[in-house]
Structure formats: C-alpha cells, structure tokens
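The values are calculated or read from the model by the stated rules, or taken from the named source; none is laboratory data. Because the structure is a prediction, the values reported are computed rather than measured. Cβ coordinates were reconstructed from backbone atoms using ideal geometry, including for glycine residues, and neighbour counts include every protein chain displayed. Surface accessibility is based on the protein's heavy atoms, side chains included, excluding ligands, DNA and RNA. Shrake-Rupley method; radii C 1.70, N 1.55, O 1.52, S 1.80 Å.
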Amino acid sequence: MAADSSGLIHGGFIFGLADYAAMLAVNHPNVVLGSAETRFLKPSRIGDVLVATADDTSPEARKRHVLVEVHCGEELVFTGSFTCFVPAQHVLDTA
C-alpha cells in the first residue's frame, strides 16, 4: 500500500475502502458505482487504522447518493459523495 519510501499510503487504497463502504451501505447485489466526488484531507501512513462510515441518503431509489467519511482515530482523512446505481439485473448479465 505504500506509495513511497516514507510510508505514505497510496490514495487508491483509501478510495477503494470508501467505495467498498458505499457498496455496503447500499447493500444490493447489483450495485455499481456511477461517479464519485472525493477529497483527500490528510495523509495516511502505513500502520494507520482507517475506518470508513457510509450513509445511503436515498435508500428507496435506483440512483443512490452515499456520503462516505474515512477517519484515522479522530482525524477525518477522506470524504466522498458517491453516486451508485442499482440496475434491475447484474451489469454482466447479457440475457
């Protein structure tokens, strides 16, 4: 996960954690990510314990808006607004 020799965590791993939290918040087998507007607020280092929380603000719609925060202890290190879609069938189902 290190981006460099100083132990900085590559932002892609933090984004992946946030994306996974958004998918869990929607909690549907067909959910897919449509877009994300994110901000990296503080750097994270190897060994940091990061915790993501996600809130699906539109749980009844096919187009979902999920707000995600990632914390390291009390410090907010990442925020994101994720647009997710819940199609009627799996995106890889060609039938």
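Taking the solvent-accessible surface of protein heavy atoms with a 1.4 Å probe, what is the per residue accessible area of the chain in Å²? Spell out each step's value before the answer.
On the way: 6090 Å² over 95 residues.
Averaged over the residues of the chain, the accessible area is 64 Å².
On alpha-carbon atoms, Rg over Rh for the chain using Kirkwood Rh?
Numbers: Rg = 14.7 Å, Rh = 14.1 Å.
Ratio of gyration radius to Kirkwood radius for the chain: 1.05.
Per Stokes-Einstein, at 4 °C and 1.567 mPa s, what whole-number D in µm² s⁻¹ belongs to the stretch 21-61, with the Kirkwood radius over Cα pairs as the hydrodynamic radius?
Values: Rh = 12.7 Å.
D, rounded to a whole number, is 102 µm²/s.
Give me the net charge for the shell around Thr83: Cβ to Cβ below 9 angstrom, other residues only, Lys and Arg +1, Asp and Glu -1. Before the final figure, lay out each step's value.
Working: positive: Lys63, Arg64; negative: Glu37.
Net local charge, Thr83 excluded: +1.
How much accessible surface area, in Å² rounded to 10, belongs to the heavy atoms of Leu41 with a 1.4 Å probe?
80
According to the Kirkwood expression over distinct Cα-Cα pairs, how big is the hydrodynamic radius of the stretch 44-95, in Å?
Details: mean 1/r = 0.0762 Å⁻¹.
For the stretch 44-95, the Kirkwood estimate is 13.1 Å.
Positive end of the dipole of the chain, charges at C-beta (+1 Lys, Arg; -1 Asp, Glu), about the Cα centre: which of Val32, Phe78, Leu8 has its Cα farthest in that direction?
Of Val32, Phe78, Leu8, it is Val32.
I'd like the carbon and sulfur percentage of the solvent accessible area for the chain, probe radius 1.4 Å, heavy atoms only, ligands and nucleic acids excluded.
On the way: 3320 of 6090 Å².
Using a 1.4 Å probe with all protein chains present, the chain comes out at 55 percent carbon and sulfur.
Suppose every Lys and Arg Cβ carries +1 and every Asp and Glu Cβ carries -1, with no other charges. What dipole size does the chain come out with about its Cα centre, to the nearest 20 debye?
Its charge dipole is roughly 180 debye.
Within the chain, which is the longest segment containing none of the GluC sites (Glu not before Pro) that sit in a DSSP loop and have at most 11 other Cβ atoms within 10 Å? Walk me through the numbers before you get to the answer.
Values: sites that count: Glu60, Glu74.
Between the exposed loop sites, the longest stretch runs 1-59.
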